[in-house]
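The values are calculated or read from the model by the stated rules, or taken from the named source; none is laboratory data. What you are looking at is a predicted structure, and each value in this text was computed from that prediction instead of being measured. Positions of Cβ are generated from backbone atoms using ideal geometry, with glycine treated the same way; all protein chains shown enter the neighbour counts.
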Amino acid sequence: MGRTTGAVGPIGLEVKHTEEIPIININGLNEDNLRELADLFDRLESEARKLGGADKRENIMKLWDTIITLQQK
């Protein structure tokens with residue numbers, strides 16, 4: 001959630017919306033969960049690099065359809 005300054009370009013994050021962003025408390029995870037989370041982030045980063053980054057909605061949707069959605073099943 002944010003505001004755009006034009007048709008394209010970065011989205012400005014409104015401070016009032018930051019309270020709504022979910023944040024993982026890694027202190028509550030055991031070692032196996034931490035390794036799994038690290039592996040998922042590595043896979044996400046690797047796929048994002050193959051796509052040329054995660055700075056475009058199109059690429060984020062591709063990441064969602066591949067890495068993120070597949071992990072939820």
- Could you say which residue among Lys62, Lys16 is outside any loop (DSSP other than H, G, I, E, B) and either at pLDDT below 80 or among the aromatic types (Phe, Trp, Tyr) (or both)? Lys16
- Task: Give just the number: which of (1) modelled with pLDDT of 85 or more; (2) within 16 Å of the chain's Cα centre (by Cα); (3) of a type in the set (Lys, Arg) does Lys56 not satisfy?
- Result: (1)
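Specify the residue that is nearest to Ile68 (Cα to Cα); the eligible residues are those in the stretch 47-56 that are of a type in the set (Gly, Ala, Ser) and surrounded by fewer than 11 Cβ atoms within 10 Å (Cβ to Cβ).
Here the answer is Gly53.
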- Task: Give just the number: which of (1) loosely packed, with under 11 Cβ neighbours inside 10 Å; (2) modelled with pLDDT of 80 or more; (3) part of a loop (DSSP other than H, G, I, E, B) does Asn27 not satisfy?
- Result: (3)
